[in-house]
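**Q** Next up is a structure, given as structure tokens.
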Amino acid sequence: MDVGFIGLGNMGAGMATNLIGAGHTVTAYNRSPDKVQALVGHGGRAARTVAEACAGDVVFSMLADDDAVAAVTLGDGGILASARAGTVHVSSSTISVGLARRLAEAHTNAGQRFVSAPVFGRPDAAAAAKLFVVAAGPPDALRVVEPLLDAIGQRTFVVSEAPEAANLVKLSGNLLIGSVIESLGEAMALVDKGGVHKHQYLDILTSTLFSAPVYKTYGTLIADGRFEPAGFAAPLGHKDIRLVLTAAEELRVPLPIASLLRDRFLTLLANGGEHLDWSAVGSLAARDAAAGSNHSA
């Protein structure tokens, strides 16, 4: 299939490479041309503009936030203006429910099709084609992109014909991950200050009550204090929690933990954490407790 790909960041680069590996023709655009050249080395094609990446059957976007997705999709020379009728735009970005709804309507009005397909997984999973994809959109569009989603992930969950539903699921998942990070950080600060090595404690947790990958991945990052380089930067985590709260306000669903997490991310950012992985939120409890490193493994 002839596929355009816009956004070759930590996640997009691996996704685009796997599409090439599955035999698809990928024409990519990125603001930083060096990342496009890296993909060309894997057999991709370079696009000088967003419009040049929109000549195929499907165009993916994997961008940081609502502003970036709106600019690339709705702006002059963007996807909406450049793609032909019938083209499927697959947005894998973590964006607001409101923007997903707006994009779906705009594509329909232009005779195009829109699928939301955000993913769960960090950059290593993207590189290994081990993402979990949450997809929603018109059934005919989902049938077109099914082999592409299979190429980037290990399983696709189709949740609705309304694209914004996939974004709501993705945001709710990130709320849960943020909750795990915060609670792990608090628990580790407690036992560390009490003299139990954090790595030993993590082994107990993940061998008994909490064997899920999210506990192993983020527990290890917190225990190691390894927050650089950021696989998912703290400002993006803050952004996602704000989007969760916006969706909750629209639906009239109280989310007290999300409100707490918003403040925890603000604390991290206010103390110079802009460049850190979002798992660094899990270090705040130890700092607050002045636990130091006397008992750290």
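The values are calculated or read from the model by the stated rules, or taken from the named source; none is laboratory data. Bear in mind that the values here come from a model prediction, so they are computed numbers and not experimental data. Here the Cβ positions follow ideal geometry from the backbone for every residue, glycine too, while neighbour counts run over all protein chains shown.
**Q** Among the numbered conditions (1) out of contact with any Pro (no Cβ under 9 Å at 6 or more places or on another chain); (2) crowded, with 18+ Cβ neighbours inside 10 Å; (3) farther than 16 Å from ALA258 by Cα, tell me where ALA135 comes up short.
**A** Status for ALA135: all satisfied but (1).
**Q** Still on this model: Give the residues of region 213-250 that are surrounded by fewer than 18 Cβ atoms within 10 Å (Cβ to Cβ) and over 19 Å from the mean Cα position of the chain (by Cα), sorted by residue number.
**A** The answer is THR220, ASP224, GLY225, ARG226, GLU249, GLU250.
**Q** Go through (1) in a loop (DSSP other than H, G, I, E, B); (2) in contact with a strand residue (DSSP E or B) (Cβ under 7 Å, 6 or more places away or on another chain) one by one and return the number of the condition VAL90 breaks.
**A** So VAL90 meets the others, but not (1).
**Q** Follow-up question, since we're still on this one. Given the conditions (1) surrounded by fewer than 24 Cβ atoms within 10 Å (Cβ to Cβ); (2) touching a residue at least 60 places away in the same chain (Cβ under 8 Å); (3) in a helix (DSSP H, G or I), report the number of the one that ALA129 does not fulfil.
**A** ALA129 satisfies every listed condition except (3).
**Q** Next up: Please determine whether any residue of region 20-38 is hydroxyl-bearing (Ser, Thr, Tyr), surrounded by fewer than 17 Cβ atoms within 10 Å (Cβ to Cβ) and outside the structural domain of LEU243 (by TED's automatic domain parsing). First the steps, then the outcome.
**A** Taking region 20-38 first, the residues hydroxyl-bearing (Ser, Thr, Tyr) are 25, 27, 29, 32.
Those left that are additionally surrounded by fewer than 17 Cβ atoms within 10 Å (Cβ to Cβ): 25, 32.
Then keep just the ones that are outside the structural domain of LEU243 (by TED's automatic domain parsing); that gives 25, 32.
The answer is yes; a qualifying residue exists.
**Q** With the checklist (1) among the hydroxyl-bearing types (Ser, Thr, Tyr); (2) exposed (fewer than 15 other Cβ atoms within 10 Å of the Cβ); (3) within 26 Å of ARG102 (Cβ to Cβ) in hand, flag the one item THR156 doesn't pass.
**A** (2)
**Q** Okay, next question. Would region 151-166 turn up any residue that is of a type outside the set (Phe, Trp, Tyr), more than 16 Å from the chain's Cα centre (by Cα), in a helix (DSSP H, G or I) and at pLDDT 95 or above?
**A** Checking region 151-166: at least one residue is of a type outside the set (Phe, Trp, Tyr), more than 16 Å from the chain's Cα centre (by Cα), in a helix (DSSP H, G or I) and at pLDDT 95 or above.
**Q** If I go through region 25-34 residue by residue, how many of them are modelled with pLDDT of 95 or more and under 23 Å from the mean Cα position of the chain (by Cα)? Walk me through how you get there before you give the answer.
**A** Restricting attention to region 25-34, the residues satisfying the condition of being modelled with pLDDT of 95 or more are 25-30.
Remaining after also requiring under 23 Å from the mean Cα position of the chain (by Cα): 26-30.
Result for region 25-34: 5.
**Q** Can you go through GLY273, GLY219 and tell me which one is of a type in the set (Gly, Ala, Ser), more than 24 Å from SER96 (Cα to Cα) and in the same structural domain as GLY173 (by TED's automatic domain parsing)?
**A** Working: GLY273 fails: more than 24 Å from SER96 (Cα to Cα).
Exactly one residue qualifies, and that residue is GLY219.
**Q** So GLU228 passes all but one of these: (1) in a helix (DSSP H, G or I); (2) touching a His at 6+ places or on another chain (Cβ under 9 Å); (3) of a type outside the set (A, V, I, L, M). Which condition number does it fail?
**A** Failed condition: (1).
**Q** Restricting the search to region 109-120, which residues are out of contact with any Lys or Arg (no Cβ under 6 Å at 6 or more places or on another chain) and either assigned to a helix (DSSP H, G or I) or of a type outside the set (Val, Ile, Thr) (or both)? First the steps, then the outcome.
**A** Kept after step one, since they are out of contact with any Lys or Arg (no Cβ under 6 Å at 6 or more places or on another chain), are these residues of region 109-120: 109-117, 119-120.
Within region 109-120, ASN109, ALA110, GLY111, GLN112, ARG113, PHE114, SER116, ALA117, PHE120 qualify.
**Q** Follow-up. Would you mind finding the one in ALA13, ALA68 that is crowded, with 23+ Cβ neighbours inside 10 Å, in a helix (DSSP H, G or I) and modelled with pLDDT of 95 or more? Let's see the steps before the verdict.
**A** Details: ALA68 fails: crowded, with 23+ Cβ neighbours inside 10 Å.
Selected residue: ALA13, the only one of ALA13, ALA68 that is crowded, with 23+ Cβ neighbours inside 10 Å, in a helix (DSSP H, G or I) and modelled with pLDDT of 95 or more.
**Q** Does TYR201 satisfy being surrounded by 15 or more Cβ atoms within 10 Å (Cβ to Cβ), aromatic (Phe, Trp, Tyr), over 17 Å from the mean Cα position of the chain (by Cα) and within 15 Å of ARG122 (Cα to Cα)? Break it down stepwise before answering.
**A** Values: surrounded by 15 or more Cβ atoms within 10 Å (Cβ to Cβ): yes; aromatic (Phe, Trp, Tyr): yes; over 17 Å from the mean Cα position of the chain (by Cα): yes; within 15 Å of ARG122 (Cα to Cα): no.
Against the criterion (surrounded by 15 or more Cβ atoms within 10 Å (Cβ to Cβ), aromatic (Phe, Trp, Tyr), over 17 Å from the mean Cα position of the chain (by Cα) and within 15 Å of ARG122 (Cα to Cα)), TYR201 does not qualify.
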